[in-house]
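J.: The structure follows.
Nothing in this text is a laboratory measurement; each read-out follows from the coordinates by a stated rule. Computed from a predicted model, the values in this text were never measured in an experiment. Cβ: placed from backbone, ideal geometry, glycine included. Neighbour counts: every protein chain shown.
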Amino acid sequence: MAANRRQSLRAEALRREIERHNRLYYLEDAPEITDAEYDRLLRELMDLEARHPELLAPDSPTQRVGAPPLAAFPEVSHRTPMLSLSNALDEDEARAFDRRVREALGEEEVAYAAEPKFDGLAISLNYRDGIFVQGATRGDGAAGEDVTPNLRTVRSIPLRLDAAADTADLEVRGEVLMYREDFERLNSRQREAGEREFVNPRNAAAGGLRQLDSRITARRPLRFFAYGVGHAPGAGWRTHAEVLDRLQELGFPVCAERATVRGIDGLLRYYAEIGARRDRLPYAIDGVVYKVNRLDWQEKLGFVSRAPRFAVAHKYPAEEQATEVLGIDVQVGRTGAITPVARLRPVFVGGVTVTNATLHNEEELRRKDVRVGDTVVVRRAGDVIPEVVSVRLEARPAAAQPFRLPLQCPVCGSAVVRGGDEAIARCSGGLFCPAQRKQALLHFAGRRAMDIEGLGERLVDQLVERDLVRTPADLFSLSLEQLAGLERMAQKSAENLLAALAQAKQARLERFIFALGIRNVGEATARDLARHFGGLDRLMAADEAALQAAPDVGPVVARSIRQFFDEPHNRDVIRKLREAGVAWEEHAPAPIPPAGAARVFVLTGTLERMSRDQARELIESRGHKVAGAVSKKTDYVVAGADAGGKLARARELGIAVLDEAGLLQLLKGDETR
Ligand code: IVH
């Protein structure tokens, strides 16, 4: 049925509205509606067009969802060749460019337009009477592929321009690319769907644009930035800056980083400024482009072979480079985490020579399947540690074998263990493994652990490097002579350290347990364990089921405690610590209240005879729990002086309120139970 006037007006209104939202989103970064609302508008227009095909127009935003697949891309000749840029690889070459320009023009100083060199794909867009009619890739520069349906899906490319002298016949040039953030999101979607991940934003953008089925392109988050015009007979621009201003006015995305600068000093300043911000830009760049700003001067300078004389690309050091994997080492980190590291044929990347790159963990290693002998792409951006991005499978030697992580720690020989569904393999050597020793010693001596004053990082480094200390137990047999012989260690400091060590021997069980550095056992768990078991031997003897009977100890924590004490080295260290005189008070294990007899207490206000912490300890030592907030699950609220909101809430819920004496009375009853 032919559309009536109301329907055709509605279709036109929807088209304008949808494109307005595209502009708000992509150009102004200020969306006014949600994605769902946007989709609703689009769907309404699609419905209208489906029912009344005569309403369909090539500039309709519905064309952005993609068209049926093509058999092949038609070839198109560019009316003006799409040229390449010559490169300036360092400052000298940038200076040489400026010198050549000045000499050819006979000018003292030249104004340049400077802009980022986008790391995407060059594209040409043709508009007739303001309507986007054809878009093409660069191809060999003379002819490219007609990818019009694909480019229509790129929401930041305007499908219609205001009618004007310069839009009757206009060819705009620019770059299609993917924002890094969109790339990460796309890759995590791929990962979740079990699909292949893309290597970098550039590949993902290029692959997206080369889809014969534009409905696939439509699902790639592609963007466009205009950087020039190929053909514009109706325009009378005088400078490149004017060109970009006009393109922006017409609704093309033009990057905000562009600038006009004077002379080589201006260029080099621009290069440094953009270089410093490179990692924070939303898109990848591989350099900046300098263009003589005056268009008549551009014409005068002309071209050499296939590159203009009026422009140059000043490159930044590449952030990605290919190199060979010479070997794969494993490093043992602070918590025993085993990190595979690729040893590389030295390669200059991101401005430094890189010889190692992390492979993160076993899961990553398996996913990327990096093998000795492989050619890999290495990435180093900013200050981040170099990493292996991908493997060039086509270059893999036939004999290359998959790499397996060792079953034993390469440093201490202890078993390498994997915790359930954890991606990380760990050395189980704990206190015994030299790689973990330094960190373990620092942890042991820490303020919240054994609190050994004066045992800082620099000292621990020396003690371990000179092999004076291998385990925390060795700390207690250090002599004054040994200590005084260390760098930057005065006699007095050595004496102070020995005194601190002597003092630390008077320990508390909970702090000692925490100091051991058992994985997943923090301060709170150590306190619970000390209270629950009352003595170290009972803790060490407990099986996983017995461990889980302690408050807040689940299967994961129970397993890591068991693994720790099962390691003979760890038991050995503990024995030596005790022999050295480290001791603590033990007590009977906490009574386990019969099922259902454990109560939940909430403390509020100031108590008189004990601190809140002491009250908590007392309550917990009887097998009860202390919660932070009053809820229906609370059995008692213990209220001291100036109790506030929690007391009010208890009254509201009808919960029993105790004073200090009432609490003690109640707990006494527990003891006789
Ligand atoms: S102007 C005649 N400006 O660099 C000059 N090109 O080697 C034509 N590129 O494939 C190019 N950012 O895709 C120009 N701001 C920019 C650019 C840029 C990236 C790419 C372009 C082309 C290559 C030229």
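J.: With the calculation restricted to Cα positions, what are the radius of gyration and Dmax of the range 251-358 in angstrom?
T.: Gyration radius and largest Cα-Cα distance of the range 251-358: 20.5, 66 Å.
J.: Please compute the length gained on full extension between Ala502 and Ala30, using 0.36 nm multiplied by the number of residues separating them and subtracting their Cα-Cα distance.
T.: On the way: separation 472, 0.36 × 472 = 169.92 nm, distance 6.50 nm.
Contour length minus Cα-Cα distance gives 163.4 nm.
J.: For a test of the definition: using alpha carbon positions, the gyration tensor, and the 1.5 limit on a/c, classify the range 480-530 as rounded, prolate or oblate.
T.: Working: a/c = 4.66, a/b = 2.61, b/c = 1.78.
The shape class here is prolate.
J.: Under a no-solvent Debye model with one identical scatterer per Cα of the range 405-524, what's log10 I(q)/I(0) at q = 0.14, 0.17, 0.21 Å⁻¹?
T.: Scattering profile of the range 405-524, log10 relative to I(0): -0.64, -0.87, -1.17.
J.: How long is the range 86-213 along each principal axis, judged by its Cα atoms, biggest number first, in Å?
T.: 59, 40, 26
J.: Could you work out the local net charge near Asp451, counting Lys and Arg as +1, Asp and Glu as -1, over the other residues with Cβ closer than 14 Å to its Cβ?
T.: Values: positive: Arg447, Arg448, Lys505, Arg508, Arg511; negative: Glu453, Glu510, Glu523.
Every neighbour counted, the sum reads +2.
J.: Assign unit charges at the C-beta atoms only (+1 for Lys and Arg, -1 for Asp and Glu), then state the dipole size of the chain relative to its Cα centre in Debye, rounded to the nearest 20.
T.: Values: 97 positive and 100 negative charges, 203 e Å.
About 980 debye.
J.: A further question follows. Full extension from Arg238 to Leu667: what is 0.36 nm times the residue separation minus their Cα-Cα distance, to one decimal in nm? Walk me through the numbers on the way to the answer.
T.: Details: separation 429, 0.36 × 429 = 154.44 nm, distance 9.04 nm.
Taking 0.36 nm per residue and subtracting the Cα distance, the gain is 145.4 nm.
J.: Could you order peptides 546-554, 561-569 by the average number of other Cβ atoms within 10 Å of their residues, highest first? Write down the numbers at each step before the final one.
T.: On the way: 546-554: 16.4, 561-569: 18.1.
Descending packing order for the listed peptides: 561-569, 546-554.
J.: In nm, to one decimal, how far is the Glu273 label point from the Ala50 one, both placed 7 Å along Cα→Cβ?
T.: 5.1 nm
J.: Please compute the net charge surrounding Phe476, taking Lys and Arg as +1 and Asp and Glu as -1 over other residues with Cβ under 14 Å from its Cβ. If you can, show how the numbers build up before the last one.
T.: Details: positive: Arg470, Lys505, Arg575, Lys576, Arg578; negative: Asp474, Glu579.
Overall, the nearby charge balance is +3.
J.: Could you give the size of the charge dipole of the range 551-620 about its Cα centre, using +1 on the Cβ of each K and R and -1 on the Cβ of each D and E, expressed in debye and rounded to the nearest 20? Don't skip to the answer; put the middle values down first.
T.: Numbers: 10 positive and 11 negative charges, 23 e Å.
Roughly 100 debye, rounded to the nearest 20.
J.: Once you place label points 7 Å from the Cα toward the Cβ at Asp296 and Ala57, how far apart are they in nm?
T.: 3.9 nm
J.: Want the number for Arg20 to Glu195: 0.36 nm per residue separation, take away the alpha-carbon distance, what's left? All intermediate terms of the calculation are to be shown ahead of the outcome.
T.: Values: separation 175, 0.36 × 175 = 63.00 nm, distance 3.44 nm.
Result for the pair: 59.6 nm of gain on full extension.
J.: Within straight cross-link reach of Lys315, meaning Cα distance under 23 Å, which lysines are found once same-chain residues fewer than 8 apart are removed?
T.: Those lysines meeting the cut-off are Lys117, Lys291.
J.: Among residues other than Ser77 whose Cβ falls under 14 Å from its Cβ, what is the net charge (Lys/Arg +1, Asp/Glu -1)?
T.: Numbers: positive: Arg79, Arg138; negative: Glu75, Asp140, Glu145, Asp146, Glu171.
Within the 14 Å Cβ shell, the charges total -3.
J.: I'd like the FRET efficiency for Gln548 and Arg404, computed as 1/(1 + (r/R0)^6) with the beta carbon distance as r and R0 of 25 Å, rounded to 0.05.
T.: On the way: r = 33 Å, r/R0 = 1.33.
Computed FRET efficiency for Gln548 and Arg404 comes out at 0.15.
J.: At 222 nm, what helix-only mean residue ellipticity would the chain give, in deg cm²/dmol to the nearest 500, using -39500 (n - 2.57) for each DSSP H run of four or more?
T.: On the way: 25 runs with 253 residues, N = 673.
So the calculated ellipticity at 222 nm is -11000 deg cm²/dmol.
J.: Going by a 4.7 Å Cβ-Cβ cut-off, which cysteines of the chain have no partner at all?
T.: Here Cys255 come out as lacking a disulfide-compatible partner, given the Cβ-Cβ threshold of under 4.7 Å.
J.: Among Tyr283, Trp237, Gly208, which residue has its Cα positioned farthest towards the positive end of the charge dipole of the range 199-315, with +1 placed on the Cβ of Lys and Arg, -1 on the Cβ of Asp and Glu, and the dipole taken about the Cα centre?
T.: Gly208
J.: Where the only charges are on Cβ atoms (+1 Lys, Arg; -1 Asp, Glu), what is the dipole of the range 257-384 about its Cα centre, to the nearest 20 debye? Don't skip to the end; give the middle numbers.
T.: Numbers: 21 positive and 17 negative charges, 97 e Å.
The dipole magnitude comes to about 460 debye.
J.: A follow-up question, please. Given R₀ = 56 Å, what would the calculated FRET efficiency be for Asp461 paired with Asp369, taking r from the Cβ atoms and rounding to 0.05? Don't jump to the answer; show the numbers that get you there.
T.: Working: r = 37 Å, r/R0 = 0.66.
Efficiency for this residue pair is about 0.90.
J.: Provide the packing ranking of 118-129, 321-332, i.e. peptides ordered by the mean count of other C-beta atoms within 10 Å per residue, highest first. Present the calculation step by step, with values, prior to reporting the outcome.
T.: Values: 118-129: 20.8, 321-332: 16.9.
Packing order, densest peptide first, comes out as 118-129, 321-332.
J.: Distance check, please: which entries in Lys438/Lys625; Lys505/Lys633; Lys505/Lys646; Lys438/Lys492; Lys438/Lys505 exceed 31 angstrom between their Cα atoms?
T.: Lys438/Lys625; Lys505/Lys633; Lys505/Lys646, as the Cα separations exceed 31 Å there.
J.: Oh, and also: How would you rank 235-247, 440-452, highest first, on the average number of other Cβ atoms within 10 Å across their residues?
T.: Details: 235-247: 18.2, 440-452: 20.2.
In decreasing order of mean packing, 235-247, 440-452 become 440-452, 235-247.
J.: Compute the FRET efficiency between Ala490 and Glu181 as 1/(1 + (r/R0)^6), taking r as their Cβ-Cβ distance and R0 = 56 Å, and round to the nearest 0.05.
T.: Working: r = 54 Å, r/R0 = 0.96.
Once the sixth-power term is evaluated, E becomes 0.55.
J.: Also, I was wondering about something else. Kindly provide the Kirkwood hydrodynamic radius of the range 3-131 in Å, to one decimal, from all pairs of distinct alpha carbon atoms.
T.: Details: mean 1/r = 0.0508 Å⁻¹.
Taking every pair of different Cα atoms in the range 3-131, averaging 1/r and inverting gives 19.7 Å.
J.: Using a 7 Å offset from the Cα along the Cα-to-Cβ direction at both Ala580 and Ala381, what is the distance between the two label points in nm, to one decimal?
T.: Using points 7 Å along Cα→Cβ, the separation is 4.6 nm.
J.: Using +1 at the C-beta of Lys and Arg and -1 at the C-beta of Asp and Glu, which of Phe97, Phe564, Leu85 has the Cα lying farthest in the positive direction of the dipole of the chain?
T.: The one lying farthest along the dipole's positive direction is Phe564.
J.: What does the chain give for Rg and for Dmax, in Å, if only its C-alpha atoms count?
T.: 35.3, 105
J.: Tell me, what is the Rg over Rh of the range 552-673, with Rh the Kirkwood radius over Cα pairs?
T.: Result: Rg/Rh = 1.11.
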